[in-house]
1. Given the conditions (1) open to solvent by 40 Å² or more (accessible area, probe 1.4 Å); (2) away from ligand 1 (no atom under 11 Å from the Cβ); (3) not aliphatic (A, V, I, L, M), and given that residue 398 satisfies all but one, which numbered condition is not satisfied?
2. If you take the residues of the stretch 289-310 that are touching a helix residue (DSSP H, G or I) at 6+ places or on another chain (Cβ under 9 Å) and among the charged types (D, E, K, R), which of them is nearest to residue 405 (Cα to Cα)?
3. Take the residues in the stretch 430-443 that are open to solvent by 10 Å² or more (accessible area, probe 1.4 Å) and not in a loop (DSSP other than H, G, I, E, B); name whichever of them is modelled with the highest pLDDT.
4. How many residues does the stretch 234-275 hold that are open to solvent by 40 Å² or more (accessible area, probe 1.4 Å) and under 16 Å from residue 221 (Cβ atoms)?
5. What's the total number of residues in the stretch 384-412 that are touching a residue at least 60 places away in the same chain (Cβ under 8 Å), within 8 Å of ligand 2 (Cβ to nearest atom) and among the small types (Gly, Ala, Ser)?
6. Go through (1) at pLDDT 85 or above; (2) under 38 Å from the mean Cα position of the chain (by Cα) and name the single condition residue 373 misses.
7. Let me spell it out: the conditions are (1) within 13 Å of ligand 1 (Cβ to nearest atom); (2) more than 23 Å from residue 429 (Cβ to Cβ), and residue 403 meets all of them except one. Which number is the exception?
8. Restricting the stretch 337-359 to residues that are over 15 Å from residue 303 (Cβ atoms) and among the basic types (Lys, Arg), which is surrounded by the most Cβ atoms within 10 Å (Cβ to Cβ)?
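The values are calculated or read from the model by the stated rules, or taken from the named source; none is laboratory data. Bear in mind that the values here come from a model prediction, so they are computed numbers and not experimental data. Note that each Cβ is placed from the backbone with ideal geometry, even for glycine, and that neighbours are counted across all protein chains shown. When the accessible area is computed, the model is the full protein with side chains, heavy atoms only, and any ligands, DNA or RNA have been set aside. Shrake-Rupley method; radii C 1.70, N 1.55, O 1.52, S 1.80 Å.
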Amino acid sequence: MGKTMGLKASEWNSLEKLLRRRIPPDFILTTELAKEMAQISSSMKKQIGILVNRKGEVTHVIVGTHDVVELPNLIWTLKHGSGRLRGIRFIHTQRPKEPIPQRDLTYLVLLALDLVLGFEVREGGQVGRLQYAHIVPQREDGTVRQERVSDIGGLKVNFQALINALEEELGRHWKGVGIKAQDRAILISAGAKKSEILWESLNELEALARSDDIQVVDKVTQVLKEPDPKFFIGKGKLNEIVLNAMQNGANLLIFDSELTPAQVRNLADHTELRIIDRTQLILDIFARRAKTREGKIQVELAQLRYLLPRLGGHRAFSRLTGGIGGRGPGETKLEIDKRRVKERISRLVNELKLIGSQRELRRSRRRFRNTPVVALVGYTNAGKSTILNALTKSNVPQGDRFFETLDTTARRLRFPREGECVITDTVGFIQDLPKDLFKAFTSTLEELHDADLIVHVLDASSPRLEAHFFAVEEVLRELNILQIPILKALNKVDKISDEQKEILSNRYDALAVCALRPESLIPLVERIQDFFMKGLKIRGKP
Ligand SMILES: Nc1nc2c(ncn2[C@@H]2O[C@H](COP(=O)(O)OP(=O)(O)OP(=O)(O)O)[C@@H](O)[C@H]2O)c(=O)[nH]1
Ligand SMILES: [Mg+2]
């Protein structure tokens, strides 16, 4: 074997001896070991390196060239220790007066090595100057600290104490906060768009993440001509993100766009973090919120349809089903294959049809009583449920989270003068609603066909009001219900100036309301009542 590596037997022997050396826990490197390495390096005329684990055992010996020894690729396959850092340090010889190779520093960060150390081998095999580097948690003055000592006697750091301090500091950010198993994410928006657009979209992604109880530790954008087929974003950017994740204790990367299965796999392999895209995040929120049998089936359907084309290898599948907090479809995860997914999909579709036909009945019963139906629609978080509650003194859950409501609620609303209507509140809309989800929820949304009047609720305080408005119109168009009369309500006007209120209610031809002050809804109720009174006259029905 020595021959295949081009080594003489004596060289091979002396290298093998290194594998039996052990460094005491408090030392980065002992004088004896440094001298031994220097001797070998000098007689071989090659640079050599060793990997050392936390027990101080030399686990690998690496032979480089005359000029440099670099970390081999095998290092990617080494197991992570239990701590934040990998539990491996890289120690190597180097030519006099050279800095620590850049590649060492990159690997230090990417692989979360404990430390890298290079020492000079002088003429005649003497140990010269030493330089070492380690990661620094959250510092302004750089992410890596480099130290230099003029000789091995000057290497006085207590290794164990140093590593304990680093691990503690790296771990502090995430251990200290909130719920135990809370995910901590870095959000990434990249693409061929202007930076402001990327940021706007990223802010919505943040609201989505928060709605899923994920803590957002950082947000990153990258303007790209076209996405990298392997990693979606540039490799340099990705490496920055990995470091960032380590410093902030993030365990999850959420991408604002859909990723290909290959990209997910590559990213997960490269970063050792969990990778989620926007669609999966939305699916996950829906999975959390679904309460009724119908809602649960719809969400599961959407999840399975999302997974199906991604079921290449089992690996990708297990990662995807892992989802966030593991709320994947409710089957034993690894054994599902495409066929079983398809079967389950068709079973669920049938079950949905059944539920749908029952709903049809409920619908016609309502029709029979001839009560007009008003449907509240709007972007998620616009305040639909709050309005329904205020109008009908109900308590549909309302909250400052996206997709608070998934199921449709219908309530009776008595008009102050005379008559009544049924008012419904349903799932909120969002831009670029994942196709699978849209498909899954069509039966819920199709109930909107049944409405005599649609009240489109707008959130006046949103900086993206216009985009939201068009997104909702788009969904209504897709559902083919734009022919139903629409009344617009500009909600949350308490959060904007009177001037803004004036401008926006004119622009959108909307009635300004504030769901938190029920009296502000009186004009809305009157408009609805008027509509039906006039509507009845026009239609000539009693
Ligand atoms: N300041 C202010 N906040 C409001 C107003 N109306 C609703 N909100 C708040 O906005 C948040 C969202 O309200 P919801 O009624 O849950 O919104 P929704 O449209 O039903 O949202 P989804 O069910 O998630 O689609 C809640 O925190 C409400 O308290 C308002 O007029 N003014
Ligand atoms: Mg709601």
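1. (2)
2. Taking the candidates together, the pick is 289.
3. Taking the stretch 430-443 first, the residues open to solvent by 10 Å² or more (accessible area, probe 1.4 Å) are 431-433, 435-436, 438-439, 442-443.
If we keep only those that are not in a loop (DSSP other than H, G, I, E, B) as well, we get 435-436, 438-439, 442-443.
Working: 435: 80, 436: 79, 438: 83, 439: 79, 442: 78, 443: 73.
The qualifying residue modelled with the highest pLDDT is 438.
4. Here the count works out to 3.
5. So the count comes out to 0.
6. It is condition (2) that residue 373 fails.
7. Condition (2) is where residue 403 drops out.
8. Within the stretch 337-359, the match that is surrounded by the most Cβ atoms within 10 Å (Cβ to Cβ) is 359.
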